[in-house]
Structure formats: C-alpha cells, structure tokens
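One structure is given below, encoded as structure tokens.
Read-outs: derived from the displayed coordinates by stated rules, not from any lab. From a predicted model like this one, the values you see are computed outputs, not experimental measurements. Here the Cβ is made from the backbone with ideal geometry for all residues, glycine too, and neighbour counts use every protein chain on show.
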Amino acid sequence: MQALVVLVSSNRGVEEVFRRKKDSMIPRSLRDHTRIKSIGLSFSIRFYDPFTAGKSLESYVLEAATNGAGMVALLVDEFLAHLALPLAPACLVGCVAFDATDNNYDNVVTAKLSKLIKNLASVAEMMSSAGNQLPLLLPLRNFTSEEWIELQGLFRNDGMDGNLPLRVGDLVKRINTRKRPRKRATSPQTYLVDDDGKLFDYGKERHAQLATGKPHTSICMLTGNFRFGWRIPTDRHYNVTKEYGGLTKIAGSFPDCHGELIQVTDRTHLNMFSNDYHS
C-alpha cells in the first residue's frame with residue numbers, strides 16, 4: 001500500500017532537503033521496521049509550496065492521491081497550518097515549526113517525518129479492524145456527540161502526538177458505548193446513537209455511490225475518499241434513521257459534504273456517506 005506524504009512549506013531549507021533526498025528522507029531503519037513491513041507501506045514524498053504551486057493544497061493533494069495512494073499524510077510548517085486543517089478529516093496532519101535559523105534541516109525533517117509515519121502506521125492498524133470502522137468512519141457533521149467532536153479535534157491538532165493511538169482508542173471505546181439495538185425492534189441489530197437520537201448503521205450494501213462534480217469541492221472529494229489518512233470505500237454508506245414506535249422514520253435539515261443544509265421529508269432512512277453526502 002502506497003502512502004503519499006506531502007511536505008507543506010515555503011521554507012527554502014526544507015525544500016532543499018526534499019530536492020536532494022526525496023524518498024530517502026524516510027530512514028531505511030523505519031522502512032524496514034517489522035511494523036511498517038507487516039502493513040505493506042511504501043512511500044511517495046511530495047513538496048508543496050503554496051506560493052509557487054499554482055493550485056490550492058486540497059487540489060494538489062487530491063490530484064496526487066489519485067495515483068493509487070492508499071494513505072495520505074501531511075507534514076506542515078505551522079506557519080501554513082491554516083491551509084492544512086480543513087484537510088485533517090481526510091489526511092493525517094502533523095504541524096511542526098521549522099526554525100529559519102536552523103541549518104540542520106536534514107535531521108529535523110527526518111525526525112518529524114519518522115514521528116508522523118509511526119502515527120500513520122497506527123492509523124492503518126486501527127482502520128484495518130472492522131470493529132473500529134463503525135465509529136471512525138462516521139459522518140463528520142451529522143453524528144452529534146462530544147466524543148466525536150473531540151476525536152476530530154485530536155486528529156486536527158495532535159497528529160504528531162506520540163500518544164495518539166491510545167487517545168484515539170479511548171475515544172473509540174466511549175463512542176462504542178452508544179451502540180444499542182432499536183428499543184422496540186425484535187432484531188438484534190445494533191446502531192450507534194447520537195445525542196439527537198439518530199441511529200447510524202454502516203451498511204454492507206453497495207447500491208449507492210459518492211457524488212462527484214459540481215457543486216462538490218476538492219474537500220468533498222478528499223473527505224469522501226479518505227478518513228484520518230486512510231482510503232475508505234466510496235460505495236459504502238451509513239443508513240441513518242430515527243426510531244418511530246416499532247418502525248423507523250427520519251425528516252429534517254441535514255448538512256451535506258460542503259455544508260449546505262438539505263431539507264429531507266419523511267422517509268425510512270437516509271443513505272449518508274462518511275463525508276456527509278446523503279441521498
């Protein structure tokens with residue numbers, strides 16, 4: 001599985017390291033580590049400077065990721081963090097301070113990349129577990145809970161934290177305590193239930209497809225194809241509903257993948273993708 005790693009910086013020292021070393025910035029000892037090999041990770045490293053790239057970061061990453069990337073991580077100069085944070089639900093983002101007075105960029109960049117890639121490997125291990133996918137792939141805007149907001153904030157702000165796997169694991173456990181069957185149903189099927197009483201089931205059926213084209217944006221596409229750095233299916237969705245006696249019914253206004261509120265009239269359920277696109 002190929003991991004796309006993008007260095008996001010306008011620092012000439014960082015760019016010089018990239019031009020000179022490219023993929024060898026990731027130490028051989030890390031590439032050959034048993035954990036990395038067991039996941040089957042290989043790496044493609046790119047450099048993005050917003051002042052010379054001629055396109056937005058999200059457009060650049062989306063274009064680069066279409067060449068078979070199974071994972072995506074961004075190592076971002078904190079000076080440019082505002083460009084990367086909207087991509088955090090899709091890409092593993094690590095923000096670092098590159099000191100303009102530091103001439104030893106080789107060691108700095110290598111150390112930061114190694115830390116980010118170790119967390120990327122942890123994401124791969126977590127996402128490979130079917131039991132983790134139900135809580136980790138939830139729709140970004142439409143699942144309402146404090147734990148879900150906290151989990152998204154963790155990936156947005158602490159992608160380099162060495163304790164990231166433990167902290168994510170704790171939040172996943174808390175989200176999973178919301179799992180239960182419908183109150184008046186005879187079926188043992190369970191759902192994750194949010195604060196608004198919406199029931200979320202990650203359906204096994206593959207009869208719907210993530211929408212593309214206008215009015216959808218590059219962020220819509222990235223968040224529909226990746227979650228926290230891991231490529232996700234574009235033909236699986238959550239069945240979202242509410243309890244209505246012994247039946248199910250849902251209606252109301254629900255945000256979609258680019259934040260537009262969509263009015264939904266009474267129906268048994270919504271087909272809702274991880275990026276909030278629903279039909």
Which lysines, on any chain, are close to K204 with Cα under 26 Å apart, when same-chain ones fewer than 8 places away are left out? K173, K179, K183, K242, K249
Among the chymotrypsin sites (Phe, Trp or Tyr not before Pro) within the stretch 49-134, which fall in a DSSP loop and have no more than 12 other Cβ atoms within 10 Å of their own Cβ? F51
In nm, spacing of pseudo-spin labels at Q2 and S129 (7 Å Cα→C-beta vector): 3.0
Return the long-range amide H neighbours of L137 (sequence gap of 5 or more, or a different chain), with a cut-off of under 5 Å between placed amide H atoms. none
Exposed GluC sites (Glu not before Pro) absent: longest stretch of the chain, with sites in DSSP loops and at most 13 other Cβ within 10 Å deemed exposed: 1-204
Taking Lys and Arg as +1 and Asp and Glu as -1, residues besides T241 with C-beta under 10 Å from its C-beta add up to +3
Count the net charge of all other residues whose Cβ sits under 12 Å from the Cβ of G224, scoring Lys and Arg as +1 and Asp and Glu as -1. 0
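Kindly put D23, D32 in sequence by how many other C-beta atoms sit within 10 Å of each C-beta, fewest to most.
Ranked by crowding around the Cβ, least crowded first: D32, D23.
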Using the beta-carbon distance between T34 and D266 and R0 = 51 Å, what value does 1/(1 + (r/R0)^6) give for FRET efficiency, to the nearest 0.05? 0.40
Counting other beta carbons within 10 Å of each residue's own, what order do V193, V6, V61 fall into, fewest first? V193, V6, V61
I need two numbers for the stretch 151-259: Rg to one decimal and Dmax as a whole number, Cα atoms only, in Å. 16.3, 46
Please identify the trypsin sites (Lys or Arg not before Pro) of the stretch 192-279 that satisfy two criteria: DSSP loop assignment and at most 15 other Cβ atoms within 10 Å. Which are they? K204, R206, K249
Total lysine pairs whose alpha carbons fall under 23 Å of each other in the stretch 2-127 (8 or more apart, or interchain): 12
May I ask you to evaluate 6.51 cos²θ - 1.76 cosθ + 1.60, the Karplus curve with θ = phi - 60°, for each residue of the stretch 172-188 and list the ³J(HN,Hα) values in order in whole Hz, giving x for glycine and proline? 4, 4, 5, 5, 5, 5, 7, 7, 7, x, 5, 5, 10, 9, 8, 6, x
Could you put C257, C95 in order, starting from the residue whose Cβ has the fewest other Cβ atoms within 10 Å? C95, C257
Note down the magnitude of the dipole of the stretch 2-127 about its Cα centre, charges +1 on Lys and Arg C-beta and -1 on Asp and Glu C-beta and zero elsewhere, to the nearest 20 debye. 460
Could you tell me the distance between the Cα centroids of the stretch 189-228 and the stretch 56-130, to the nearest Å? 23
Have a look at S129, A84, I149 and report the one farthest towards the positive end of the charge dipole of the chain, computed about the Cα centre with Cβ charges (Lys/Arg +1, Asp/Glu -1). S129
Volume per residue, Å³, of the convex hull around the alpha-carbon atoms of the stretch 2-127? 97
Residue with peak Gaussian network fluctuation, the chain [Cα springs, cutoff 10 Å], from H269, H33, H237: H33
Extreme residue, positive dipole direction of the chain, given options T34, L210, G197 (C-beta unit charges): T34
